[in-house]
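Working notes for the structure below.
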Amino acid sequence: MAAPPGTPRRRRGPHRAWWVAVVCFVALVGAAGFRATPSVFIDPLHEEFGWSHSTISAAVSVNVLLYGLTAPFASALMERYGIRRVVCGALLLIAAGSGLTVFLSASWQLVLCWGVLVGLGTGSMALAFAATVTNRWFVARRGLVTGVLTAGGAAGQLVFLPLVALLVEGPGWRAASLVVCGAALAVVPLVLWLLRDRPEDVGLLPYGAGPDYVTPAPPPPGAARRALGALRAAARTRVFWLLAGTFAVCGASTNGLVGTHFVPAAHDHGMPVPAAASLLAVIGIFDLIGTVASGWFTDRFDPRRLLAVYYALRGISLLFLPLLFAETVQPPMLFFIVFYGLDWVATVPPTIALCREHFGENGAVVFGWVLASHQAGAALVAFLAGLARDATGSYDLAWTASGALCATAALMALLITGRPAVRRGKGSG
């Protein structure tokens, strides 16, 4: 084991881990800017270029698929080369992809910018980033911190979505793209200044570490080899496939369906785009509350049962959604927004906890592969929902099918059994 620079020590006052968490939260907010744009860009791109909903949705599908496929390798790269380097590179890719969209003239360019560049960038800033930071800097309060960092994406949606919608309605979608580009670039200096890879780099123990804490040995060379090795080992277990299956449904019912198609679906019923975008942003407010609360629950309750409850409630809400669309925002729709928002990514803290418990030190990398399934589900449904809209003229079939998938995921979560590789409670605060 390589000796860390300086001797790890305790200190009075707020532990630096909390400042690292704040910087990571801000970075996730900056990276989330693009995640707010597809839902409000679909109709303007359709009107300007004549591209079908399925064509535009295909670019979104490439984005979310690459987001998922990049995540496990990004987690391993963070282990090998450091969090700061990977995060700065990811933010620059997001800025480049968003900025270059102003020059669009063909659908393949949309796929390149939205799909490839931004997909690789956001994938490197995926939820595995939150898992890596939490595992390195925290021993206590891991569930709570995971919930807070996960909510960074929701906060980004909250910050950017109403602004992006207003820009689209006013100066146009190109101005909105440039704002997202600038937001990603603005976070880079903050990351370089304040983010550190490990507490040992500044002579500290992780938050909540006891006197018997031992710094984990550095990973062996070969980030890709480690990511693939973790997948091979995890794929031999039933737990991995159950987690991957449930998280695929999570992606299908959030990013793939609601995140991409809620605004155009509401617009189909006569609701103005800014109003629909504001509703999606309000989901972000309650997601912030729900995800932090889920992290707190995960430190105290069985994560399998939490997942079952979350998926069941989400499925029920989606079955009712087609009945709630109208030209104006009615109280039943507001109830859906609050109810669904509390559940948006509440599934993440218990899923990360189960990966950590069952797969030990490889938990963050394994979660990266579980996240890949999340994005595969999101990519498939983002495309299929657009196809259904082109074929039937509405999204009703997509909402109903997604609700049924959530019910299946709830049952799958209860089937996760077996003795974990790391005893529950170890390092969970």
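Descriptive notes on the structure:
- The condition of being open to solvent by 10 Å² or more (accessible area, probe 1.4 Å), in contact with a Ser or Thr (Cβ under 9 Å, 6 or more places away or on another chain), within 30 Å of THR134 (Cβ to Cβ) and in contact (Cβ under 8 Å) with a residue 24 or more places away in the chain holds for only one of PHE73, PHE49, that being PHE73.
- Subset of the range 174-199 [basic (Lys, Arg) and part of a helix (DSSP H, G or I)]: ARG174
- Total residues in the range 342-389, condition in a helix (DSSP H, G or I) and either in contact with a strand residue (DSSP E or B) (Cβ under 7 Å, 6 or more places away or on another chain) or among the hydrophobic types (A, V, I, L, M, F, W, C) (or both): 26
- Test result for GLY315, open to solvent by less than 30 Å² (accessible area, probe 1.4 Å) and either within 28 Å of PHE25 (Cα to Cα) or of a type in the set (Asp, Glu) (or both): no
- Number of positions in the range 338-358 that are open to solvent by 10 Å² or more (accessible area, probe 1.4 Å) and within 12 Å of the chain's Cα centre (by Cα): 2
- Those residues of the range 127-140 which are surrounded by fewer than 23 Cβ atoms within 10 Å (Cβ to Cβ) and closer than 22 Å to TRP344 by Cβ, in sequence order: none
- Hits in the range 141-152 (condition: open to solvent by 10 Å² or more (accessible area, probe 1.4 Å) and more than 15 Å from the chain's Cα centre (by Cα)): ARG141, ARG142, LEU144
- Residue among GLY82, GLY89 that is among the small types (Gly, Ala, Ser) and in contact (Cβ under 8 Å) with a residue 40 or more places away in the chain: GLY82
- Taking the criterion of being polar (S, T, N, Q) and at pLDDT below 85, the residues of the range 145-190 that qualify are THR146, THR150, GLN157.
- Flag if ALA407 is at pLDDT 90 or above and in contact with a Lys or Arg (Cβ under 6 Å, 6 or more places away or on another chain): no
- Figure legend. Inter-residue proximity from the range 363-374: first residues touching a residue at least 40 places away in the same chain (Cβ under 8 Å) and within 8 Å of ALA244 (Cα to Cα), second residues surrounded by fewer than 24 Cβ atoms within 10 Å (Cβ to Cβ) and small (Gly, Ala, Ser), beta-carbon distance below 6 Å, spacing 6+ or different chains. Indicated pairs: VAL370/ALA244; SER373/ALA244.
- Only listed residue being at pLDDT 80 or above and more than 26 Å from PRO171 (Cβ to Cβ), chosen from VAL40, VAL86: VAL86
- Qualifying residue in the range 323-333 (condition: buried (at least 24 other Cβ atoms within 10 Å of the Cβ) and hydroxyl-bearing (Ser, Thr, Tyr)): no
- Qualifying residue in the range 387-401 (condition: over 30 Å from LEU323 (Cβ atoms) and among the basic types (Lys, Arg)): no
- Residue count, the range 229-248 (criterion: within 13 Å of HIS358 (Cβ to Cβ) and in contact with a helix residue (DSSP H, G or I) (Cβ under 6 Å, 6 or more places away or on another chain)): 7
- Qualifying position, being within 30 Å of ASP201 (Cα to Cα) and either surrounded by fewer than 22 Cβ atoms within 10 Å (Cβ to Cβ) or in contact with a helix residue (DSSP H, G or I) (Cβ under 8 Å, 6 or more places away or on another chain) (or both), among SER61, SER124, SER107: SER124
The values are calculated or read from the model by the stated rules, or taken from the named source; none is laboratory data. In this text, all values refer to a predicted model and were calculated from it rather than measured experimentally. All Cβ positions, even for glycine, are placed from backbone atoms using ideal geometry, and neighbour counts span all protein chains on display. With ligands, DNA and RNA removed, areas are computed over all heavy atoms of the protein, side chains included. Shrake-Rupley method; radii C 1.70, N 1.55, O 1.52, S 1.80 Å.
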